[in-house]
Amino acid sequence: MAATLATKPDATKRRRVRRKTAEDGTRPVSAKLSWRIRWRRDRSLILMTLPAVVLLLVFNYAPLFGLVTAFQYYDPLVGVWHSSWAGLDQFRMLFQDPLFWGALRNTLFLSLVQLVLFFPIPVVLALLLNTVMNERLRNFVQSVVYLPHFFSWVLTITIFQQMIGGAGILNQFLRQHSIGTWDFMTNPHTFALLITSQAVWKEAGWGIIVFLAALAAIDTNLYEASAVDGAGRWRRMWHITLPGLRGVIVLMLVLRLGNALTVGFEQFLIQRNAVGHSAADVLDTFSFYYGIATNNYSYGAAAGLFKSVISLLLILGANKLAHAFGEDGLYRK
């Protein structure tokens, strides 16, 4: 009896401690919630994400089944189940095709040019917009640089054709002043700079959204303290702003390297006839022209699978490199 009475205060004390920690939010008060309770609690959020999950399953995961055609002599008349097995024959033909290596070389070169010339521009634009103190002016500039993102590639290339094409405004001005004309739109030697400038004009403004959000998360007290200590604008940018953006820059760089082999499809498809296939063929257009357009679906699937595997290796390698520099990258184990 004495032992029982001795344990009652201890049990009461433990309940009191659990109640207090639950009110403070430091640790859970009870066991894991049942799925019915969690469903009632998160039902609205689950229903909101359901359409996105369905789209992801239909357009990203369901097509993975089609990768089996890369190992077949696929015939659409008999379907996947009855097409004859080819093993690695499609990949052997792919690696022996000089057009494939030309497309791969163009893809890597154009990706490198866009990485060097395009990737830093959204960071610079975000830094410049962050220094604009007038809120109305900043909102206006943001709206102007965001707008081209919503243009289709057809409209974007048409605008460039009207500006710097053979009959564009620039060449008309040069003809009026008896100066030799420059046709950038059909010159294969300047094609890399042309598509990079188109991508910058269309997507650089949209790319600053993530960096502006990262800039807004930097503690303003750091700027005030550094200003009191006598740090100028450039020193504050070097020691506060750029370190605050480093994690986001590394993350975007990892994602960019993961998509290094996806330099664009519609943009190159539209301009391929103007500059020739030797300059405009990339892996995406190669899969289309020499796979789908020729009804050689297995060959195109093999090229697409090769691109996907290399992209996966690139993003894993870039993520490892980010970890080596002390950043989180895309994920951590």
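The values are calculated or read from the model by the stated rules, or taken from the named source; none is laboratory data. Small disclaimer: the values here were computed from a predicted structure and weren't measured. Here the Cβ positions follow ideal geometry from the backbone for every residue, glycine too, while neighbour counts run over all protein chains shown.
Would you mention how many residues in region 181-206 are in contact with a helix residue (DSSP H, G or I) (Cβ under 7 Å, 6 or more places away or on another chain) and either on the phi > 0 side of the Ramachandran plot or of a type in the set (Gly, Ala, Ser) (or both)?
4
Inside region 298-322, can you point out the residues that are over 19 Å from Leu112 (Cα atoms) and either of a type in the set (Lys, Arg) or in contact with a Gly (Cβ under 6 Å, 6 or more places away or on another chain) (or both)?
Selection gives Tyr299, Gly300, Lys320.
Please enumerate the residues belonging to region 201-227 that are surrounded by 13 or more Cβ atoms within 10 Å (Cβ to Cβ) and either part of a loop (DSSP other than H, G, I, E, B) or aromatic (Phe, Trp, Tyr) (or both).
Result: Trp201, Trp206, Phe211, Ile218, Tyr223.
Step by step: first the residues of region 146-171, then only those that are of a type in the set (A, V, I, L, M, F, W, C) and not in a helix (DSSP H, G or I), then the one that is nearest to Phe191 (Cα to Cα). Which residue is that?
Top of the filtered list is Ala167.
When you go through (1) under 30 Å from Arg105 (Cβ atoms); (2) at pLDDT 90 or above; (3) of a type outside the set (D, E, K, R) one by one for Phe150, which number turns out not to apply?
Every condition holds for Phe150 apart from (1).
Do we have Val145 as without any contact (Cβ under 8 Å) to a residue 40 or more places away in the chain and either out of contact with any Leu (no Cβ under 8 Å at 6 or more places or on another chain) or not small (Gly, Ala, Ser) (or both) here?
No.
So that you can scan it fast, the table gives a plain yes or no per residue for (1) surrounded by 15 or more Cβ atoms within 10 Å (Cβ to Cβ); (2) not hydrophobic (A, V, I, L, M, F, W, C):
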position: Pro63; (1), (2): no, yes
position: Phe71; (1), (2): yes, no
position: Asp75; (1), (2): yes, yes
position: Val78; (1), (2): no, no
position: Phe91; (1), (2): yes, no
position: Phe109; (1), (2): no, no
position: Leu117; (1), (2): yes, no
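Regarding Ala302, is this residue of a type in the set (Gly, Ala, Ser) and either in contact (Cβ under 8 Å) with a residue 24 or more places away in the chain or at positive phi (or both)?
yes
Look through Ala231, Ala192, Ala260 and report the one residue that is assigned to a loop (DSSP other than H, G, I, E, B), within 27 Å of the chain's Cα centre (by Cα) and farther than 29 Å from Ser143 by Cβ.
Every option except Ala260 fails the conditions.
Given the structure, is Gln72 of a type in the set (S, T, N, Q), at pLDDT below 90 and under 30 Å from Met252 (Cα atoms)?
no
Have a look at Ser197, Ser143 and point out the one that is at pLDDT 90 or above and part of a helix (DSSP H, G or I).
Matching residue, one of Ser197, Ser143: Ser197.
Being at pLDDT 90 or above and either basic (Lys, Arg) or closer than 24 Å to Phe191 by Cα (or both) narrows it down to one residue among Phe286, Phe265, Phe306; which is it?
Answer to the selection: Phe286.
Determine if region 209-225 includes at least one residue that is polar (S, T, N, Q) and more than 23 Å from Glu327 (Cβ to Cβ).
Scanning region 209-225, I find at least one residue that is polar (S, T, N, Q) and more than 23 Å from Glu327 (Cβ to Cβ), so the answer is yes.
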